[in-house]
Amino acid sequence: MTIVMQRYRFITPHRTGKWYPDLDTAKRFACEIGAGFLDSRTGRFVAYVGTRLEVMKARGARQGSAAELHKAPA
């Protein structure tokens, strides 16, 4: 059985965020790199212009396994 893990990070035109194990955590820390902010009234993440979300799907079953990187609009 292969376990597929996903990691998330936000990219701006000038900075790259850290990889986080879940999207909610990535959104919480996105403000540190100027990628966007969490709206306190709605709880929604608002990305600034030029911000991208990257999703890495890595197979966690074997060491050194291939990872796929997917770029998604924020």
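Which of (1) modelled with pLDDT of 95 or more; (2) exposed (fewer than 13 other Cβ atoms within 10 Å of the Cβ); (3) not acidic (D, E) does Y48 not meet, given it meets every other one?
(2)
When only residues in segment 1-23 that are over 22 Å from G50 (Cβ atoms) and outside any strand (DSSP E or B) count, which is modelled with the lowest pLDDT?
The selected residue is M1.
Name every residue in segment 24-35 that is assigned to a loop (DSSP other than H, G, I, E, B) and in contact (Cβ under 8 Å) with a residue 24 or more places away in the chain, in order of residue number.
Residue satisfying the conditions is A35 alone.
Condition check: modelled with pLDDT of 85 or more, among the charged types (D, E, K, R) and surrounded by 11 or more Cβ atoms within 10 Å (Cβ to Cβ). Does D39 satisfy that?
no
The values are calculated or read from the model by the stated rules, or taken from the named source; none is laboratory data. All values derive from a computational prediction rather than experimental measurement. Positions of Cβ are generated from backbone atoms using ideal geometry, with glycine treated the same way; all protein chains shown enter the neighbour counts.
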